[in-house]
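Beneath this line is the structure, given in C-alpha cells, with notes to follow.
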Amino acid sequence: MTDQPPASTAAPGARRPAVLEGVLERITYANEENGYTVARVDTGRGGGDLLTVVGALLGAQVGESLRMEGRWGSHPQYGKQFHVENYTTVLPATVQGIRRYLGSGLVKGIGPVFADRITQHFGTDTLRIIEEEPKRLVEVPGLGPKRTKKIADAWEEQKAIKEVMLFLQTVEVSTSIAVRIYKKYGDASISVVRNQPYRLAADVWGIGFLTADKIARSVGIPHDSPDRVKAGLQYALSQATDQGHCYLPEEKLIADTVKLLQVDTGLVIECLGELAAEPGEGEDPGVVREKVPGPDGGGEPVTAIYLVPFHRAELSLAGQLRRLLRADEDRMPSFRDVDWDRALGWLKGRTGTELAPEQEAAVKLALTEKVAVLTGGPGCGKSFTVRSVVELARAKKAKVVLAAPTGRAAKRLAELTGAEASTVHRLLELRPGGDAAYDRDRPLDADLVVVDEASMLDLLLANKLVKAVPPGAHLLFVGDVDQLPSVGAGEVLRDLLAEGGPVPAVRLTRVFRQAQQSGVVTNAHRINAGQQPLTDGMKDFFLFVTDDTEEAGRLTVDVAARRVPAKFGLDPRRDVQVLAPMHRGPAGAGALNGLLQQAITPGRPDLPEKRFGGRVFRVGDKVTQIRNNYDKGENGVFNGTVGVVTSLDPVDQRLTVRTDEDEEVPYDFDELDELAHAYAVTIHRSQGSEYPAVVIPVTTGAWMMLQRNLLYTAVTRAKRLVVLVGSRRAIAQAVRTVSAGRRCTALDFRLATPLT
C-alpha cells in the first residue's frame, strides 16, 4: 500500500486537528526517503482490533506509545484511516505497556524474555531505573554487567537519536539518514545541520547535495549563497565521477551547475575560480583546473576540472607505471636469456597443451616486460595463458601474487592457477579511511603480480595497487577491454591499451575449437561484432520472447526460480543470477528482487525477519554491499561484495552475512541501507563475477541502456547457460548500439607524455 492519499485542503479557520493515542504495533510500509509511513496501532479499546494510521511517522518505533495529531479519513480499498500530521512519543505507564515497549526490540539487548524479567523486578519504575540508575539492572536474574552496560548505552543513544530526529523532522530527513548524522557528529548533530548543512554531503554517506540543499533551504541558507554554489559545483563533479568520468570540461561543469542550482552563470564562474584557486594554509584545495586533450583524442584541448583525489590518483598512477616500466632492476632476470623452446616444451609436458602463437607472445611479454596487458574475449585462451605465465614463473622460484577486484574473480583465478589469489582490497590490506598497509614505502613481496578482470579496476583502486608493486617486479593486467568499463571513475584498461602508449600488450583473437561448441562463447563474439545472437537449436543459449515489459519481468522470475533449476539441476540462489540492464521498471533489478525473494526465500511465521524501508531481510537472502565500508570485516567490505544472510537477531538488532570470501560480517539494523538484495543485480554490478547460469531480461523498457558492451558483458558472465527474456527488437537495439563516447580521462595522455 504505497499510494499516498491526496492532501487535505482545509480552509483557514477549519477545526483543530483530531488527536489519537495508541501503541505502534506494526509498520506495514515506510519510505526511508521522506518518512511517509503506513502503520497499525493499538488504541487500547479492546477486541484486539488495530487501526491504520498513515503519514509523517518519521523515527517512530514499534512498541512506542504515540500521541498523534491529524485527521480522520477513509481509503476506498483499506477503509478508515487516521492521517498523521505530527506526533510525540509518550512513555507507557503500565507494567504491560512497559513490557511490550521494551520487548519490541526498540532497545538493543532487550528482547521479550528480558523485558518480562526486568518489568517483573522493577514494575512501573522500570523506565526510571533504566534512565537514572541503569547499574541496578544487574539485580535482574541473567543480566550481568556487560549486558547492563550495553542496555544503558543503547538507551542513551536511542534517546539522543530521537532528539536529533525530532529536529530533523522539521527538515524532512529520513530515519536512516538521521541515525547516520548522529553517528557522525554525536551531540554536535543539530548544530552542524543548522549551521553547516553542506558539510553533510561530504561527510555522511547517503546524503548527497540534493538532500543537503533541502536541509539548507529549510534552515534559511540563501539560494545564491557562495557556500551553496561551491557545494553544487563539487556535487556536479562527484555525479560525473559516479558516471565514470575523472574530470569534466569546464564549460560542461558550469552549464550543469547553472541548470542544477538555477543561479546566474557569472556567480558559478566566480565560485569555480575561488574553488580552483591555491588553498590557504591549512585549507584543502577545492578542485584542480588543467588543460588536457579532449576525451575523443582529437581537436582542441579542453580545460579539465577535477576533484582533487582523482587528479592526484591520475598523476600518481601514470608516474608509478612509468617508474615500473623504466626500472633498472629486474626481479625475474632469468627470463632475459631463457631458452624459450626448452621452456615452452617443459610447459607443454606439464600442462599437456601447446600454446598458440599469440599465447606464446603473451607469455614471453609478461615474463620479460615490467608492465604488460593481456586482453581478449571469451574462448580465446586468456585463462590458460595466465596459468602458463604463473607455471613458468614459479618454476624459476619467483614469488607470484595473484589478485582480482572481486571475491568471485579471485576464487576463479586461484582455481585456474592452483595458487592462492585474493581480492585487491585484501591484498593491500586497506584500512579505515581507505589507506593501504602496502604502498610505495612498504611494497608487496612479489616478483610477479597478476591482476585478473582488470577492466573492473577504477582509477583510485588501480593507483593504490600499482603503488604497492616493488621496482623490478613484473605486473600483468588481464581483462576483456570490450566489456563495460569499471563502475568507479576511469577507464584504466582501455587507457593502458591506447595506441602509442608505453605499455606493451597482446590481444588474443583466435577462438579455440572447444570453445566454438559453446553457444555462450559463439554468441558473445557475435554480439561484440554487431551480429544478432543465435538462439535456435542451442543447448546452452535460449530466448523466451515477449514484447510486454511486465510479462518479461514475471517470466524472468519463473525462468530463474523454477524452470532453469528444474531442467539443469542448478540451485536458484547459488547458481542462477538474474542480470538486468537497469534497476528501475517492471523488469529492473529492484522489482525482480522482490519477486525472486518471494519465490526463493519466502517469509515464514516461525522465522524472524527485519523490515528496513521498502525491503525485508530474511535468513537465506542473497545480498550485496552497495558502498565501500573500510570499517567492516577484516579488511573492509566493498561495493559489489555478495553474500548470504546467515543469522538475524531481533534482540541485538543485528544480522550476519557470509560473503563470497567466506567471511562472516555483522550488520547492525541501522546499517541495512548498505545492503541490497542480489537475486537480481544490474549488469554493471555483475562485472568480475561468473555464474553457472544467467537470465537476462532485455526489454524496450530499458531502451536508453541497451548497448552492445552491456549485453556482451552480461552474456560473458555465464559459464554454462544464458537465457534471454524479452523482445527481439530490444535485443537488436542492444547489438547495434555502440557505447556513446569515451569517458573523460587523461591517463593515456599522461602515460604518453615524456618525462621532463
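The values are calculated or read from the model by the stated rules, or taken from the named source; none is laboratory data. Values in this document were obtained by computation on a predicted structure and should not be read as measured data. Counting neighbours? That spans all protein chains shown, and the Cβs are built from the backbone with ideal geometry, glycine included. Calculation scope for accessible area: heavy atoms of the full protein, side chains included, ligands and nucleic acids excluded. Shrake-Rupley method; radii C 1.70, N 1.55, O 1.52, S 1.80 Å.
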Fill in: Output for the stretch 486-516, where each listed residue is out of contact with any Ser or Thr (no Cβ under 9 Å at 6 or more places or on another chain), in a helix (DSSP H, G or I) and of a type in the set (D, E, K, R)
Arg513
Practice prompt. Would you mention how many residues in the stretch 236-266 are within 21 Å of Pro295 (Cβ to Cβ) and either surrounded by 15 or more Cβ atoms within 10 Å (Cβ to Cβ) or among the aromatic types (Phe, Trp, Tyr) (or both)?
Written response: 19
Item to complete: Among what's in the stretch 524-534 and is assigned to a loop (DSSP other than H, G, I, E, B) and open to solvent by 30 Å² or more (accessible area, probe 1.4 Å), pick the residue that is farthest from Val725 (Cα to Cα).
Response: Ala529
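May I ask you to verify whether Ile110 is in a helix (DSSP H, G or I), open to solvent by less than 20 Å² (accessible area, probe 1.4 Å) and within 24 Å of Lys149 (Cβ to Cβ)? Break it down into steps so the answer makes sense when it comes.
Details: in a helix (DSSP H, G or I): no; open to solvent by less than 20 Å² (accessible area, probe 1.4 Å): yes; within 24 Å of Lys149 (Cβ to Cβ): yes.
Considered against the rule, which asks whether it is in a helix (DSSP H, G or I), open to solvent by less than 20 Å² (accessible area, probe 1.4 Å) and within 24 Å of Lys149 (Cβ to Cβ), Ile110 comes out as no.
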Item to complete: Please name all residue pairs, on different chains or six or more residues apart, with Cβ atoms under 9 Å, provided the first residue is in the stretch 443-465 and is at pLDDT 95 or above and polar (S, T, N, Q) and the second residue is open to solvent by 20 Å² or more (accessible area, probe 1.4 Å) and assigned to a helix (DSSP H, G or I).
Response: Asn463/Arg312; Asn463/Ser316
Discussion item. Going residue by residue through the stretch 162-174, is there one that turns out to be modelled with pLDDT of 75 or more, open to solvent by less than 70 Å² (accessible area, probe 1.4 Å), out of contact with any strand residue (DSSP E or B) (no Cβ under 9 Å at 6 or more places or on another chain) and of a type in the set (Val, Ile, Thr)?
Written reply: no
Practice prompt. Check off (1) within 22 Å of Met704 (Cβ to Cβ); (2) under 30 Å from the mean Cα position of the chain (by Cα); (3) modelled with pLDDT of 90 or more for His583 and give me the number that stays unchecked.
Written response: (3)
Discussion item. Just the residues that are among the polar types (S, T, N, Q) and part of a loop (DSSP other than H, G, I, E, B), please, taken from the stretch 537-575.
Written reply: Thr546
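Does at least one position in the stretch 154-173 carry a residue that is part of a helix (DSSP H, G or I) and hydroxyl-bearing (Ser, Thr, Tyr)? Before the answer, list the steps.
First pass over the stretch 154-173, keeping only residues part of a helix (DSSP H, G or I): 154-169.
Still in the list and also hydroxyl-bearing (Ser, Thr, Tyr): none.
Within the stretch 154-173, not a single residue is part of a helix (DSSP H, G or I) and hydroxyl-bearing (Ser, Thr, Tyr).
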Discussion item. I'm trying to understand the selection: among the residues of the stretch 407-452, which are open to solvent by 20 Å² or more (accessible area, probe 1.4 Å), closer than 24 Å to Leu747 by Cα and part of a loop (DSSP other than H, G, I, E, B)?
Written reply: Asp435, Tyr438, Asp439, Arg440, Asp441, Pro443, Asp452
Worksheet item: Here are Ala327, Ala343, Ala361, Ala318: which of them is in a helix (DSSP H, G or I) and closer than 17 Å to Val466 by Cβ?
Response: Ala318
Response to the item:
Out of (1) within 20 Å of Glu429 (Cβ to Cβ); (2) of a type outside the set (Ser, Thr, Tyr); (3) over 17 Å from the mean Cα position of the chain (by Cα), the one Leu595 does not meet is (1)
Worksheet entry | Qualifying position, being open to solvent by less than 10 Å² (accessible area, probe 1.4 Å) and either at pLDDT 90 or above or in a strand (DSSP E or B) (or both), among Gly643, Gly620 | Gly643
Discussion item. Quick check on the stretch 725-756: of everything there that is small (Gly, Ala, Ser) and in a loop (DSSP other than H, G, I, E, B), which residue is modelled with the lowest pLDDT?
Written reply: Ala740
Practice prompt. Please enumerate the residues belonging to the stretch 324-375 that are open to solvent by 70 Å² or more (accessible area, probe 1.4 Å) and under 21 Å from Glu453 (Cβ atoms).
Written response: Glu369
Discussion item. Can you confirm whether Val23 is closer than 24 Å to Phe122 by Cα, aliphatic (A, V, I, L, M), buried (at least 17 other Cβ atoms within 10 Å of the Cβ) and modelled with pLDDT of 80 or more?
Written reply: yes
Item to complete: Considering each of Val38, Val95, Val84, Val54 in turn, give the residue that is surrounded by fewer than 19 Cβ atoms within 10 Å (Cβ to Cβ) and either of a type in the set (A, V, I, L, M, F, W, C) or modelled with pLDDT under 80 (or both).
Response: Val95
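If only one of Ala201, Ala188 is modelled with pLDDT under 90, open to solvent by less than 50 Å² (accessible area, probe 1.4 Å), part of a helix (DSSP H, G or I) and touching a helix residue (DSSP H, G or I) at 6+ places or on another chain (Cβ under 7 Å), which one is it? First the steps, then the outcome.
Working: Ala188 fails: touching a helix residue (DSSP H, G or I) at 6+ places or on another chain (Cβ under 7 Å).
Only one candidate qualifies: Ala201.
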Discussion item. Need the failing condition index for Val521 against (1) β-branched (Val, Ile, Thr); (2) part of a strand (DSSP E or B); (3) buried (at least 23 other Cβ atoms within 10 Å of the Cβ); (4) modelled with pLDDT under 95, just the number.
Written reply: (2)
Practice prompt. Identify all residues within the stretch 679-706 that are modelled with pLDDT under 90 and closer than 17 Å to Ser486 by Cα; write none if there are none.
Written response: His684, Arg685, Ser686, Gln687, Gly688, Ser689, Glu690, Met705
